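Got a structure for you, written out below as structure tokens; questions coming shortly.
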Amino acid sequence: MQKPEQKVYYPDPCYRESALIHDYNELYHEFEKDPDAFWRRIASDLLWFKPWDKVRVWEHPHASWFTGAELNITYNCLERHVNNDRRNKVAIFWAGENGRERIFTYYQLYKDVMRMGNALKSLGVQKGDRVCIYLPGIPELVVSMLACARIGAVHTVVFAGYGAKALNERITGAGAKIVITADASVRRGGSIPLKPIVEEALIHAPTVEKVIILRTQEPKVGLLDDFELDYEELINQADRYCEPVHVNSEDPLFILYTSGTTGAPKGIVHAAGGYMVGAYYTTKYVLTLRENDVYWCTADPGWITGHTYGIYGPLLVGGTIFLSEYTPDYPDAGIWWKLVEDYGVTIFYTAPTAIRMFMRMGEEWPQKYDLSSLRLLGSVGEPLNPEAFEWFYKYIGKEKCPILDTWWQTETGMHMVTTMVGLPMKPGFAGKPIPGVVATVVDELGEPIPPGTTGYLAIKEPWPSMMKGVYQNDERYRQYWSFGKYGYYSSNDLAVMDEEGYIMLLGRSDDIIIVAGHNVGTAEIESALVSHSAVAEAAAIGKPDPLKGNIIKAFVILRNGVEQTPKLIHDLKYHVRIMLGPISVPAELDFVDNLPKTRSGKIMRRVLKAKEMGMDPGDISTLDE
Ligand code: WT7
């Protein structure tokens, strides 16, 4: 088995001048010495109405954080800045298609959130009630989320690309009282109606009392009856001052349904106090976000990345959020880079699937724009394969911006494993557990394994923004904390750790292929295929085989202009063989134009697999169009 030598990139010292850098080892030792004191120090940056009794109470598998404390996250996102001379600072730059632009200062955002909070109260929404938000990535989505938090209501945001069935499942699952939506969303020069989807989703949704509709299009869509309310009218009639409700640290802040790569969606519940501290800590120390930054998280606010690092984290630290409705390739493949130049974006956080798409479209696009404002790049969602890392590093970061490959999950609420700014970067490796996170790679019993051996990424201790539970399903919650002999938190991700403690993610354990008794990670094969100059994207699945248990079947999207030839199939197999060894070679390889993906960009291997086997693909509510 011949593997290419591991490359290491040393961060350009210029990152220090522009960023708030904290020494990894120092932080780590501070945490190790006294975890409670560590979190107490972090939490003390924030404003609490009532102090906590205990930083952490850990009764496996349930953890409570900052017990007895009272807070309101919006008081920390808004008043903390508004009352401190930052009221006129830009909170949100929003860029819409066709050059539409909206700008919200912290003060303007604060006022809108209070009016929306009052509007919800006027409809009878009380602390603990669930509000479903089904809006595209526009400022009203931010206002609606914060308005819920302001009054102690629990938001459950549903990505606006979901269809009626998925929306209905989430509305009824959460028992939402109110749905906030828009007439339509804008995408690639057209508009996608949302109202008919909501109407259909509400047919069997008995808990819903009112629907609030933001009408953006002319002529305005009609409202059916007094079940449907106009967003603008409601907010304009609302009282201007809305007291932040004092919620308990353990009260739920939101429910977010997971992307469902592994079956039926789960309502992940995050609690107010711990989530706030985790989001604040990682935004400040991992993303190194400061007040002067213009920060672009390309994830839709409807995903956890958008919640933690698109909205709450940046507002907690008082940064400037850049939010946009542009897709990466419309009106042309340079639009995102034009936006970086136009708004002087300093931190850019995106997904490997987007980076690979940009690779495919060619570096001539970013080269047309001045990207010198950028100082830090980030990636999340799936492994950032070395080729994508290198392209991102060279053509976007100009070999000076560090890259954070951040591993975490909806359930973890915050970053868990990454290479913090200042540490040497190893393409292909996410990095080390961040200070505050006790994660390791173990065998199926939870026992330590030698470096270089494939195992499971497990977490031994709770962390502040750990999910509070799975909504109304404690059994499903408990399963997370039942890994191996010691009841660790199981991430369901396969991983390998090197001698220096850097962790490489190999894909979900549910995505593993056992070939002739050997474990092979789909991510590894895909990464190998993508490292070939002809390949843009690849997916690998296990196809049942009477002799070997499974054989590997690969699906490959070629780069523009590359011809599909039988010789190329041979070359690609040979390439994988050289990189990973004979057991990893796909026995079958098909060229395709598309891969089934979730809307968050993850390849849905089980859809490919079901199709291959002529079976029902199961729940495909998360499949992108
Ligand atoms: C799963 C969680 C966290 C926001 C986005 C996805 C995979 C996530 C990485 C990474 C390798 C990654 C894991 C994880 N994943 N980030 N940097 N390297 N894999 O949230 O939908 O809850 O999915 O995404 O498999 O378990 P999610």
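The values are calculated or read from the model by the stated rules, or taken from the named source; none is laboratory data. Being a predicted model, the structure only gives us computed values, none of them experimental. Neighbour counts run over all protein chains shown; Cβ positions are idealised from the backbone, glycine included.
Looking at segment 70-102, which of the residues that are of a type outside the set (D, E) and touching an Asp or Glu at 6+ places or on another chain (Cβ under 8 Å) is nearest to V245 (Cα to Cα)?
The selected residue is R86.
Then there is this: Tell me which strands (runs of 3 or more DSSP E) are completely within segment 400-517 and hold 3 or more residues being among the hydrophobic types (A, V, I, L, M, F, W, C) and more than 30 Å from G128 (Cβ to Cβ), or say none if there are none. Give the steps one after another, and end with the answer.
Numbers: elements: 403-406, 439-442, 454-459, 489-497, 503-508, 512-515.
Of the strands (runs of 3 or more DSSP E) lying wholly inside segment 400-517, those with at least 3 residues that are among the hydrophobic types (A, V, I, L, M, F, W, C) and more than 30 Å from G128 (Cβ to Cβ) span 439-442, 489-497, 503-508, 512-515.
So, in segment 352-363, how many residues would count as being out of contact with any helix residue (DSSP H, G or I) (no Cβ under 6 Å at 6 or more places or on another chain) and either under 23 Å from A523 (Cα atoms) or within 16 Å of the ligand (Cβ to nearest atom) (or both)?
To start, the set of residues in segment 352-363 that are out of contact with any helix residue (DSSP H, G or I) (no Cβ under 6 Å at 6 or more places or on another chain) comprises 353-354, 357-358, 360-362.
Retained after the next criterion (residues that are either under 23 Å from A523 (Cα atoms) or within 16 Å of the ligand (Cβ to nearest atom) (or both)): 353-354, 357-358, 360-361.
Of the residues in segment 352-363, 6 are out of contact with any helix residue (DSSP H, G or I) (no Cβ under 6 Å at 6 or more places or on another chain) and either under 23 Å from A523 (Cα atoms) or within 16 Å of the ligand (Cβ to nearest atom) (or both).
Quick check on my filter: what residues within segment 276-292 are on the phi < 0 side of the Ramachandran plot and part of a loop (DSSP other than H, G, I, E, B)?
Those that are on the phi < 0 side of the Ramachandran plot and part of a loop (DSSP other than H, G, I, E, B): V286, L287, L289, R290, E291, N292.
Quick test of your reading of the structure: M414 fulfils all but one of (1) in contact with a helix residue (DSSP H, G or I) (Cβ under 6 Å, 6 or more places away or on another chain); (2) farther than 29 Å from V269 by Cα; (3) at pLDDT 95 or above; (4) within 13 Å of the ligand (Cβ to nearest atom). Name the failing condition by number.
For M414, the failing item is (2).
In segment 293-303, what count of residues is obtained for those that are over 17 Å from T74 (Cα atoms), within 13 Å of the ligand (Cβ to nearest atom) and in a loop (DSSP other than H, G, I, E, B)?
Adding up the residues that qualify gives 5.
Ok, one more. Here is a list: Y456, Y480, Y488, Y471. Which entry is surrounded by 15 or more Cβ atoms within 10 Å (Cβ to Cβ) and either over 22 Å from the mean Cα position of the chain (by Cα) or small (G, A, S) (or both)?
The unique qualifying residue is Y488.
Could you tell me how many of the residues in segment 380-399 are outside any loop (DSSP other than H, G, I, E, B), at pLDDT 95 or above and not charged (D, E, K, R)?
Of the residues in segment 380-399, 6 are outside any loop (DSSP other than H, G, I, E, B), at pLDDT 95 or above and not charged (D, E, K, R).
Shifting gears a bit: Checking C401 against (1) within 15 Å of the ligand (Cβ to nearest atom); (2) surrounded by 24 or more Cβ atoms within 10 Å (Cβ to Cβ), which single condition isn't satisfied?
(1)
OK, next. When residues of segment 321-360 are filtered for being in contact with a Pro (Cβ under 8 Å, 6 or more places away or on another chain) and either in a helix (DSSP H, G or I) or of a type in the set (F, W, Y) (or both), how many remain? It would help to see each step written out before you state the result.
Residues of segment 321-360 that are in contact with a Pro (Cβ under 8 Å, 6 or more places away or on another chain), as a first pass: 321, 323, 325, 334-337, 352, 354, 357-358.
Within this subset, residues satisfying the condition of being either in a helix (DSSP H, G or I) or of a type in the set (F, W, Y) (or both) are 335-337, 352, 354, 357-358.
Here the count works out to 7.
Which condition does K432 not pass, out of (1) under 15 Å from M497 (Cα atoms); (2) modelled with pLDDT under 95, if it passes all the others?
(2)
Quick grid of which residues meet (1) within 13 Å of the ligand (Cβ to nearest atom); (2) over 23 Å from the mean Cα position of the chain (by Cα); (3) crowded, with 20+ Cβ neighbours inside 10 Å; (4) of a type in the set (S, T, Y):
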position: V345; (1), (2), (3), (4): no, no, yes, no
position: T350; (1), (2), (3), (4): yes, no, yes, yes
position: W365; (1), (2), (3), (4): no, yes, no, no
position: Y369; (1), (2), (3), (4): no, yes, no, yes
position: L376; (1), (2), (3), (4): no, no, yes, no
position: L384; (1), (2), (3), (4): yes, no, yes, no
position: E390; (1), (2), (3), (4): no, no, no, no
position: Y395; (1), (2), (3), (4): no, yes, yes, yes
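Another question about this same structure. Could you give every pair whose Cβ atoms fall below 7 Å, whose first residue belongs to segment 138-150 and is within 14 Å of G302 (Cβ to Cβ), and whose second residue is hydroxyl-bearing (S, T, Y) and part of a helix (DSSP H, G or I), counting only separations of at least 6 or pairs across chains?
Close Cβ pairs satisfying both conditions: E140/Y231.
So which of G306, G273 is outside any strand (DSSP E or B) and either within 13 Å of the ligand (Cβ to nearest atom) or surrounded by fewer than 24 Cβ atoms within 10 Å (Cβ to Cβ) (or both)?
Sole residue among the options that is outside any strand (DSSP E or B) and either within 13 Å of the ligand (Cβ to nearest atom) or surrounded by fewer than 24 Cβ atoms within 10 Å (Cβ to Cβ) (or both): G306.
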